[in-house]
Amino acid sequence: MRHHVVTGAGPVGSTVALQLADAGERVTLVTRSGSGPEHPLVERRSADVSRPDQLAAVLDGAVAVHHCIHASRYDAATWRAELIPAEQALLAAAGAAGAVVVFPESLYAYGAVTGPITEDLPRTATRGKPGVRTELLRARAASATPTVSVAASDFLARGCARRTPASGWPRPSWAVAPCAWSAASTSRTRGPTCPTSPRR
């Protein structure tokens, strides 16, 4: 039985933790409060993943870390202040533990595009929240720790409200049938092929 660490117990982190546990893997789910779903193979731990001194014990023996935290506010300044230091601390700790880090990624780093988004389209956003996502991807690529960033066209999961034009977001054509994606090798990011632009 392999040991996986999942950071964050939101819709993405909770889903990843439960899927791993259902597959027979041992999971340590890490949040500041120690919260998260219950499962016989999921151990909930309280730790701050931006604190290197708290990470070593949590990552001991882990083969992979699935980093699913998000910032406390939905703005670029908060993302830069919270997400970048947390990723740097986690990358260093995971590297020392010999674990690969798996990141769920969005389409933000593409920035504003006018045509189809494909796997080969460069991620060159420089402003706002998209620019922060670009910085994160570049830091992962430069890290000695092996990483995989998996980009999906959108995250639709339990606990996430589907927004429609009435609530301010256009409902894309792929909301019912999301585009296919595939994970890449170490320090690479692969994404979907979709005729759409990311939200900013």
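Running Debye on the stretch 31-122 with equal point scatterers at the Cα sites and no solvent, what base-10 log of I(q)/I(0) appears at q = 0.22 Å⁻¹? These q points yield log10 I(q)/I(0) values of -1.19.
Computed packing ranks the peptides 43-51, 24-32, 97-105, 74-82 as 24-32, 97-105, 43-51, 74-82, most packed first, by mean other Cβ atoms within 10 Å. Of the peptides 109-118, 57-66, the ranking by mean beta-carbon count within 10 Å, highest at the top, reads 57-66, 109-118. Heavy-atom surface analysis with a 1.4 Å probe gives the stretch 1-122 a carbon and sulfur content of 54 percent of its accessible area.
Each label point was placed 7 Å from the Cα along the Cα-to-Cβ direction; for Arg73 and Ala139 their separation is 1.9 nm. Distance between the pseudo-spin-label points of Ser35 and His3 (7 Å out from Cα toward the beta carbon): 2.6 nm.
The values are calculated or read from the model by the stated rules, or taken from the named source; none is laboratory data. Everything quoted here is computed from the prediction, not taken from an experiment. Here the Cβ is made from the backbone with ideal geometry for all residues, glycine too, and neighbour counts use every protein chain on show. Protein only, heavy atoms only, side chains kept; ligands, DNA and RNA dropped before computing areas. Shrake-Rupley method; radii C 1.70, N 1.55, O 1.52, S 1.80 Å.
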